[in-house]
1. Residue 180 to residue 213: FRET efficiency via 1/(1 + (r/R0)^6), r the Cβ-Cβ distance, R0 22 Å, to the nearest 0.05?
2. For the stretch 23-122, what relative contact order do you get, as a whole percent, if you take Cα pairs closer than 8 Å and at least 6 residues apart?
3. Given a cut-off of under 8 Å on Cα pairs at least six residues apart, what relative contact order in percent is computed for the stretch 113-225?
4. Calculated FRET efficiency, residue 158 and residue 42, Cβ-Cβ r, R0 35 Å, to nearest 0.05?
5. If you look at just the Cα atoms of the stretch 129-214, how large are its Rg and its Dmax in Å?
6. If each of residue 16 and residue 166 carries a label point 7 Å out from its Cα toward its Cβ, how far apart are those two points in nm?
7. Rg/Rh for the stretch 35-163 to two decimals, with Rh computed the Kirkwood way over all alpha-carbon pairs.
């Protein structure tokens, strides 16, 4: 036990647990520069960032970083010295921690920095996966030639060290196309793609991709446009054939049921209640509960339908009680209903009716 007059030598318990300043040398050895230089904050703000996530491509990061470096040229600073000084600022989160764990003074050139960086974030397993995808490449259903070719090039460029020769890549892409697209390639080649040299075959894919970019997209837009010839007339009856704008038979029956239900309810109530129901029920045009059929903004376009429905409010006889053998198949009110008509772009209207 120490004497009060002579305290024990060494550190106290508090000093042993207190944080200390650590001088951790960098893994990068910066080359000397004889001239004064300045790197502006605006340069740091435009640098790309890499977080070390699995979906990030280290090749893309290096390419973007080198492109930024071409726009910066500090006085007396070599390209090697500039990149070694700026590259650590591009690493964030996990990648920043990885850089700090590297052995001190282990990197002296930009080439060594790239090799170390790619070795960490592009392991052999990732290379094998990309190579397997290139070998088994297939065109997706409904994928245009342009989209397929761009996807193939993106895959190939994501792994520049895949080790596959160009003739092999040309052949694998051709075999992965749909049968009609392979025929398209041969026709565009003036015979067969196999008769071309690898570089010429690659250029053929590029030219056909540009052609596909315009024509395939143009044809797709034209097919999506509404057709004017989607109706046919037979015996005075106009039929809609699979158009998105025309009503289906299911819609006919649904709206017919709603109208009959409404008029059946009206027939079972006194005149005062009939007026209230006619103004409080949901709209037969747009099915809104905020207004009645007569108050709908579409009612002015179909005055005959409104007049017919109003006239039936007080004198309604259910259809199944009428002497009408065709009550299950035909409704005269259809001819004026807005949902049971078709109008072409020329402005002419063809109603769904039983006779001319």
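We did not get these values from a lab; they are worked out from the coordinates using the rules stated. Every value quoted in this text rests on a predicted model; they were computed, and no experiment measured them. Using ideal geometry, Cβ is built from the backbone for each residue, glycine included, and neighbour counts are taken over all protein chains shown.
1. The formula returns an efficiency of 0.80 here.
2. Over the stretch 23-122, the number comes to 47 percent.
3. 29
4. After rounding, the FRET efficiency stands at 0.70.
5. Every Cα atom of the stretch 129-214 included, Rg and Dmax give 12.1, 35 Å.
6. The modelled label-to-label distance comes out at 6.9 nm.
7. Across the stretch 35-163, the Cα-based Rg/Rh ratio is 1.05.
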